[in-house]
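Read the structure below first, then the notes.
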Number of protein chains: 2
Amino acid sequence: MLFQEQIKMVKQAAPELAATTNEQRNAALAAVRTALQQHQEEIFEANRQDMEQAEADGVSGPVRKRLKFDEGKLRDVMAGISDLTGMEDPLFQTQFARELDEGLVLKRVTCPIGVIGVIFEARPDALVQISALCIKSGNCAILKGGSEALRTNRTLFDIIHRAVINAGLPADCMMQLEARSEINELLECHDSVDLLIPRGSNAFVQYIMNHTKIPVMGHADGICHIYVDKEADLAKAVPIIVDAKTQYVSACNTVETILIHEDVREQLLPMLKAALDAKQVELRGTKEIAAVVDCVPATEMDDRTEYLDYILSAKTVKSVEEAIVHINRFGSHHTDCIITENPQTAEHFMNLVDSAGVYQNCSTRFADGYRYGFGAEVGISTGKLHARGPVGLEGLVSYKYKLYGSGQIVADYASGEKQFHFKNLYKRCIKNA
Amino acid sequence: MLFQEQIKMVKQAAPELAATTNEQRNAALAAVRTALQQHQEEIFEANRQDMEQAEADGVSGPVRKRLKFDEGKLRDVMAGISDLTGMEDPLFQTQFARELDEGLVLKRVTCPIGVIGVIFEARPDALVQISALCIKSGNCAILKGGSEALRTNRTLFDIIHRAVINAGLPADCMMQLEARSEINELLECHDSVDLLIPRGSNAFVQYIMNHTKIPVMGHADGICHIYVDKEADLAKAVPIIVDAKTQYVSACNTVETILIHEDVREQLLPMLKAALDAKQVELRGTKEIAAVVDCVPATEMDDRTEYLDYILSAKTVKSVEEAIVHINRFGSHHTDCIITENPQTAEHFMNLVDSAGVYQNCSTRFADGYRYGFGAEVGISTGKLHARGPVGLEGLVSYKYKLYGSGQIVADYASGEKQFHFKNLYKRCIKNA
């Protein structure tokens, strides 16, 4: 079958999947869990082959670490599936109900987005997590994992797909792409695909965003900042900066630039420099920084660079205002932090910095669905429409308006013969839990 | 100043506007209301000139009707501003708060989207409504109205802009475009503009969607359907179809195609034909329709056409399933209705039809922010990300994650030295109002 015809079949399966109950979707998740356990040896064997190939191809250590799928990873993804099964149904939730007039009731009810294409790195556990999130949220999934995981992904996909079909979900509710060239075909399918979630390098995500009419959720670069205020507790600042830079250097939520209030420059920099040296972090600084500690001279290019490496740029600012302007101009609206003991300054910074995450006195590395307690995530969005920040189950649903009438026509309301009375039947509220 | 430089100034004003309190934004709205009243003669005079020009240019009656801005329209927009002022602040709402660990609290708080570009038809009241919605929701607005309203819009914009500045909001929080050529420049400004809302013809909205990297919210065509089920109350079906077709023929929520269950074809069609004839609606039908009543032969093209005219296409279907498949294939995901007395059939249809509005036993013309009780709307979205259906105040906000720490670093949690305890402090709930 032609590739785009196959994607159309997925689109056609979407309404049927959208109408399944939470029980049906949970039963499918349970079947996936059982099947993964039963077929674990098959999975590990496929992964061994991928690992051997990766080694032969000279794939780097960190990539090989993510590629590895062993008992521990299997246990983790199975626990993740159990967690999802236990969660409340994200679908069929009435967000509000309002009687517009006698016998005319409007309800806003959650529903799936439809068909979601996810392109992700060579991490087999991601395939399982994304599949499970899509099943729970009633979304059809088109999956493309990193090519280094080809054999593992093929095995995992087949096991999951069979389990889902046997559990009674529509056969076309999942599809896997294997060739990189198929991504370009996928980008053309704006009639069939409702959302793309690309994960990977800045250049790759930018490429996707620039070559499709399908809405894209995700983030390209992650240029995160920490601003050390004049009222900072410097004993907190140093470990936070070191953690944010070095705890996992290639993550998107790693800090790339620190902004230091000039009043604390002389006190902070020697301590910070010593701590960074201990972790072999190269410090790049403006002349105000170089006046206090040894550093590589920074250029404006450093303001715009996501190093993804043991490099940190630093500059001084005269005020929190200057820090805010710098971050809104050079940042990527991902996650930015202020170190201060002054709650007013913190709130001002957090209200004016235009980022998905705005932090006070903690590491930017907390920007992650697991650490927020969302369970699994499909990615982090720096867009401001729909979901922002780490995207979990809630970010995978939309809603529709259901209007239940008994013969009402608009002419009667336009003429004034009838009037709306807008009586709220249900309303969202904030509850102290 | 160069045009794109001016848009950058708007972007720079966005964080300041985002940090304003509800009191400040309400004071600005009150100032706008007062200024409109004080300068009403100036507004009416500008509108008289636009109306004269329109007449001289041979602009059609319906367009001139929308262009007219008189005492009645002024009263309506002023009432709309008062309603908005009375509404709860859409910003700074904590959607949830969770303690991740001792002294580490995560809050999800609503905030504006940022800079919104709205391109709308020659309706001066729309300029006032959109400005007011943007002020209330803390969004900077770039406004481009239909050229027939040039003088009225210029006068209204100046009055509103002065009032807003005098009330203390940032001077660059609003901007008006006048030349159509400026739209193309606006489409390039993806670094400064967060969202575009184009209203107008299908072709125009498609053009915008295809020529910008800025996210677009809205709808192109509106091909709405009514399906008359075998268990329909035909006495309801006829007036609903007539209303949905003729109450305002050029609206996007007007019905274009009706699907009739073959079991009720012979009973429904003669009644329906008589009612449509009385309103001079041309019926186009398949041969199954033509077997019962006189009609113009329909082609597949009719399935894909938004007539925006006194024309209705009709075909028969063998089941609700066939109706659902037709609507999901040929519809525009706007608003589709089932006429049936069977609640299970209705629910099945409403769950499987993939549209922003799914109705039972009432006219598709109800798809409108005012009729839903939202107050003013900026448009209707057929997209499934962010707001769907009529978009009011709630559709103009995003959220950000605020994380308040006291020195926490991720390394302590990665090593297992510390553990998250995820204690929900606030949670949304559904309340019986």
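The values are calculated or read from the model by the stated rules, or taken from the named source; none is laboratory data. The model shown is predicted, which means the values in this text are computed figures rather than measured ones. All Cβ positions, glycine included, derive from the backbone under ideal geometry; neighbour counts span all protein chains shown. Areas reflect the complete protein model, heavy atoms only, side chains present, ligands, DNA and RNA absent. Shrake-Rupley method; radii C 1.70, N 1.55, O 1.52, S 1.80 Å.
Taking every DSSP beta bridge that has both ends in chain B, the antiparallel portion is near 35%.
Here the range A:309-366 and the range A:89-165 have alpha carbon centers that stand 34 Å from each other. Buried accessible surface for the B/A pair, both sides summed and rounded to the nearest 100, is 7200 Å² with a 1.4 Å probe. A simple rule links phi to the HN-Hα coupling: the Karplus curve 6.51 cos²θ - 1.76 cosθ + 1.60 with θ = phi - 60°, which for the range B:368-383 gives 6, x, 5, 5, 7, x, 8, x, 5, 10, 9, x, 10, 9, 9, x Hz, with x for Gly and Pro.
With K and R counted +1 and D and E -1, the other residues having a Cβ less than 13 Å from that of A:VAL63 yield a net charge of 0.
Rounded to the nearest 20 debye, the dipole magnitude of the range B:256-355 is 160 debye, with +1 charges on Lys and Arg beta carbons, -1 on Asp and Glu beta carbons, and the Cα centre as origin. Of the beta bridges in the range A:39-187, as assigned by DSSP with both residues counted there, near 40 percent are antiparallel. Against the longest principal axis of chain A, how steep is helix A:71-86, in degrees 0 to 90 to the nearest 10, with axes from Cα atoms? In chain A, helix A:71-86 runs at an angle near 50 degrees to the longest axis.
Residues with beta-carbon under 13 Å from that of A:PRO112, excluding A:PRO112: net charge, scoring Lys, Arg +1 and Asp, Glu -1? The answer is +1. Of all aspartates and glutamates in the structure, the ones whose alpha carbon falls short of 20 Å from that of A:LYS418, not counting any fewer than 8 places away in one chain, are A:GLU99, A:ASP101, A:GLU102, B:ASP76, B:ASP243, B:ASP368.
When the alpha carbon coordinates of the range A:224-366 are projected onto the principal axes, the ranges are 34, 30, 27 Å, largest first.
DSSP finds beta bridges in the protein assembly as shown, and of those with both partners inside it, around 35 percent are antiparallel.
Calculated from DSSP H runs of 4 or more alone, at -39500 (n - 2.57) each and per residue, what is the 222 nm mean residue ellipticity of the protein assembly as shown, nearest 500? Helix-only estimate at 222 nm: -12500 deg cm²/dmol. Diffusion coefficient (Stokes-Einstein, Kirkwood radius over C-alpha pairs, 25 °C, 0.890 mPa s) for the range B:56-98: 175 µm²/s, rounded to a whole number.
For each pair in A:LYS144/B:LYS315; A:LYS245/B:LYS400; A:LYS245/A:LYS318; A:LYS73/A:LYS213; A:LYS402/B:LYS245; A:LYS144/B:LYS400, compute the distance between the two Cα atoms and list the pairs where it is over 31 Å. Result: A:LYS144/B:LYS315; A:LYS73/A:LYS213 exceed 31 Å.
The relative contact order of chain B comes to 19 percent, based on Cα pairs under 8 Å that sit 6 or more residues apart. With its label point put 7 Å out from Cα toward Cβ, A:MET9 sits 5.8 nm from the same residue's point in the other copies, in order from shortest.
Panel note: contact residues of the range B:241-283 (accessible area lowered by at least 10 Å² against the chain on its own; 1.4 Å probe) correspond to B:ASP243, B:GLN247. Express the accessible area of the range A:224-366 per residue in Å², computed with a 1.4 Å probe while the remaining protein chains stay in the model. Ligands and nucleic acids excluded, the result is 37 Å² per residue.
For B:TYR248, neighbours were defined as the other residues whose beta-carbon sits under 11 Å from its Cβ, and their charges (Lys and Arg +1, Asp and Glu -1) total 0. Working note: Karplus 6.51/-1.76/1.60 with θ = phi - 60° gives the range B:144-155 the couplings 9, x, x, 5, 4, 9, 3, 5, 4, 5, 4, 5 Hz, where Gly and Pro are set to x.
Surface exposure of the range B:124-199, expressed per residue as accessible area with a 1.4 Å probe, stands at 30 Å². The rotation axis taking chain A to chain B passes closest to the C-beta of one chain A residue; that residue and the distance in whole Å read A:HIS386, 2.
Taking amide H positions as modeled 1.01 Å from N, with prolines and chain starts lacking one, the residues under 5 Å from B:TYR359 and 5 or more places away or on another chain are A:LEU403, B:ASP336, B:CYS337, B:ILE338. Taking amide H as placed 1.01 Å from N in the peptide plane, the amide H of B:GLY285 sits under 5 Å from that of B:VAL296, B:ALA298, B:ALA314, each at least 5 places away or on another chain.
Can you classify chain A as rounded, prolate or oblate using the Cα gyration tensor, where a ≥ b ≥ c are the square roots of its eigenvalues, rounded means a/c under 1.5, and otherwise it's prolate if a/b beats b/c and oblate if not? It is oblate, given that a/c is not under 1.5 and a/b is not larger than b/c. For the range A:1-73 versus the range A:283-303, the spacing of their alpha-carbon centroids is 46 Å. Placing a label point 7 Å from the Cα of A:PHE3 along the Cα-to-Cβ direction, the residues of the range A:178-215 with a backbone N closer than 12 Å are A:178-189. Once R0 is set to 35 Å, what does the formula 1/(1 + (r/R0)^6) return for the Cβ-Cβ distance between A:THR299 and A:LEU234, expressed as a FRET efficiency to the nearest 0.05? Using R0 = 35 Å, I get an efficiency of 0.80. Helix B:3-18 and the longest principal axis of the Cα set of chain B meet at an angle near 70°. In order along the range A:51-62, the Karplus-derived 3J(HN,Hα) couplings, from 6.51 cos²θ - 1.76 cosθ + 1.60 at θ = phi - 60°, round to 5, 4, 4, 4, 5, 4, 7, x, 5, 5, x, x Hz, and Gly and Pro are given as x. To the nearest 10, the accessible area of B:PHE366 is 0 Å² with a 1.4 Å probe. Between identical copies, the spacing of A:PHE92 label points, each set 7 Å from Cα toward the C-beta atom, reads 4.0 nm from nearest to farthest.
In nanometres and ascending order, the distances from the A:PHE44 label point to those of the other copies are 8.6 (point 7 Å from Cα along Cα→Cβ). Within the accessible area of the range B:224-366, the carbon and sulfur atoms contribute 51%, probe 1.4 Å, all protein chains present.
One compactness figure for the protein assembly as shown is 0.99, namely its Cα radius of gyration divided by 2.2 N^0.38 Å.
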